[in-house]
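One structure is given here, and the rest of the page talks about it.
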Amino acid sequence: MADEKLLISRVLAGEEEAFSDLVKQYHNGMLRVASAIVGSADADDVVQDAWIKAIRALENFEGRATLKTWLTTIVANTAKSHAKKHSRWLALEDLKSDERDDLGLERFTPNGHWLNPLKVWDLGSPEAAACSEQMHQALVETLETLSHAQRMVFILHELNGMEVESICNILEITPSNARVLLHRARNKLYAAIEAMI
Amino acid sequence: MLPSCRNMTELSSEYLAGKLSWSMRLKFRLHLMMCIHCRRYLRQFQLMLRLTPQISMDEELEEKQIDLIAQKIKQARQ
Ligand SMILES: [Zn+2]
């Protein structure tokens, strides 16, 4: 937080390098959110718009959220407006689907017991596991297989650290819907990691 | 009635977020106490939650790209 404050004051003072530091630190995370909402073709434009909005509002940043969360909110709202303007704001149709929230039907007996014992993960530390090229690849691929709505919620919450309550406002869904989407995404990621073990 | 193992995998996020009702939370815990498989699932589920944020899907930005974006932002400030 102290680093953030310092970075912000350097930007506000117009220090040349501060702008690069800001971009280095946050641009990719913003791009990730924009891509999840509007698709990768329009993501660059959306992020650029978001940066301009953010930089003009930076004086008003009060530090109640982290800078990352604040920027995520701005880029997500910018992406939403963009999608709406181009009539591409999807109703989150998969909320109506009958997909279940569990780990996968084939794992359970008809009365809901585990069919086979769960595999034990031997990952070492999460930090080490995350560094593995294979794991990285598998998770990125799994993210692509999520529904649009699941991916948006997962990225906003799990990767960009946004609270479920804020996500609801952006995506215009109820908290319980957001949690369902998040949970379905998590169980798919769980299955993907397990498949690699 | 206690939740089934299958139900346990439906409720894990709500449990971890502290969103289950008091009585459901109690049932969830009772099931955990009795079921080694669900304990394992929950432990690994939590491990996954710690792992995923560290996966960044991004390529490293090139120096040139950073400068370009930084310049644009700087102009917006002036
Ligand atoms: Zn169980």
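The values are calculated or read from the model by the stated rules, or taken from the named source; none is laboratory data. Here the structure is a predicted model, which means the values were calculated and not measured. Neighbour counts are summed over all protein chains in view; Cβ atoms, including those assigned to glycine, are modelled from backbone coordinates with ideal geometry. Surface accessibility is based on the protein's heavy atoms, side chains included, excluding ligands, DNA and RNA. Shrake-Rupley method; radii C 1.70, N 1.55, O 1.52, S 1.80 Å.
Buried surface for the A/B pair, taken as the accessible area of each chain alone minus that of the pair with a 1.4 Å probe, is close to 4600 Å² in total. When only Cα pairs below 8 angstrom with a gap of at least 6 residues are kept, chain B shows a relative contact order of 27 percent. Sequence-distant contacts, meaning Cα pairs under 8 Å at least 6 residues apart, place the relative contact order of region A:3-55 at 21 percent. In this view, the solvent-accessible surface of A:HIS113, computed with a 1.4 Å probe and all protein chains in place, comes to about 100 Å². Within region A:150-178, the residues that become at least 20 Å² less accessible when every protein chain is included than when their own chain is isolated (1.4 Å probe; DNA, RNA and ligands ignored) are A:GLU158, A:LEU159. Just which residues of region A:108-131 lose 20 Å² or more accessible area with every protein chain there, against their chain alone, with the probe set to 1.4 Å? SASA drop of 20 Å² or more in region A:108-131: A:PHE108, A:GLY112, A:TRP114, A:PRO117, A:LEU118, A:VAL120, A:TRP121, A:LEU123, A:PRO126, A:GLU127, A:ALA130. Checking the cross-link pairs A:LYS188/B:LYS64; A:LYS5/B:LYS74; A:LYS24/A:LYS84 against a 25 Å limit on the alpha carbon distance flags A:LYS188/B:LYS64; A:LYS24/A:LYS84 as lying beyond it. Close amide H partners of A:PHE108, meaning residues 5 or more places away or on another chain with modelled amide H under 5 Å apart, are A:LEU115.
If you sort A:ASP45, A:ASP21, A:ASP102 by accessible surface, 1.4 Å probe, largest first, the order is A:ASP45, A:ASP21, A:ASP102. A 1.4 Å probe over all protein chains sorts B:MET33, A:MET135 by accessible area into B:MET33, A:MET135, starting with the largest. The phi-based Karplus calculation (6.51 cos²θ - 1.76 cosθ + 1.60; θ = phi - 60°) puts the 3J(HN,Hα) values of region A:74-87 at 5, 6, 5, 5, 4, 5, 5, 4, 4, 5, 5, 4, 9, 6 Hz, whole numbers, x for Gly and Pro.
Rounded to the nearest 10 degrees, the inclination of helix A:133-145 to the longest alpha-carbon principal axis of chain A is 90 degrees. A Cβ-based charge dipole, computed about the Cα centre of chain B with Lys and Arg at +1 and Asp and Glu at -1, lands at about 660 debye.
Helix A:2-12 and the longest principal axis of the Cα set of chain A meet at an angle near 40°. Centre-to-centre separation between the Cα atoms of region A:130-174 and those of chain B: 9 Å.
Surface calculation, 1.4 Å probe, protein heavy atoms: A:ASP44 sits at approximately 90 Å² accessible.
Working with all protein chains in place, sort A:GLU16, A:GLU106 by solvent-accessible area computed with a 1.4 Å probe, largest first. Please list the in-between numbers first.
Details: A:GLU16 100, A:GLU106 130 Å².
I get A:GLU106, A:GLU16, largest accessible area first.
Phi angles across region A:120-130 convert, under the Karplus curve 6.51 cos²θ - 1.76 cosθ + 1.60 with θ = phi - 60°, into 3J(HN,Hα) values of 8, 7, 10, 9, x, 7, x, 4, 5, 4, 5 Hz, Gly and Pro given as x.
Taking the accessible area of the protein assembly as shown, probe 1.4 Å, and keeping the other protein chains in place, the carbon and sulfur fraction comes to 52%.
Here is the short version for chain B: B:CYS5 have no other Cys C-beta closer than 4.7 Å. Could you state the accessible area per residue of the protein assembly as shown in Å², with a 1.4 Å probe and every protein chain left in place? In whole numbers, the protein assembly as shown has 52 Å² accessible per residue.
Calculate, for A:GLU141 and A:SER176, the FRET efficiency according to 1/(1 + (r/R0)^6) with r their C-beta to C-beta distance and R0 22 Å; round to the nearest 0.05. It comes to 0.15.
In this view, the solvent-accessible surface of A:ILE197, computed with a 1.4 Å probe and all protein chains in place, comes to about 70 Å². Cross-link reach is defined here as a Cα-Cα straight distance under 17 Å, omitting same-chain residues fewer than 8 places apart; for A:LYS80 the aspartates and glutamates meeting it are A:ASP42, A:ASP44, A:ASP45, A:ASP49, A:GLU93, A:GLU165, A:GLU172.
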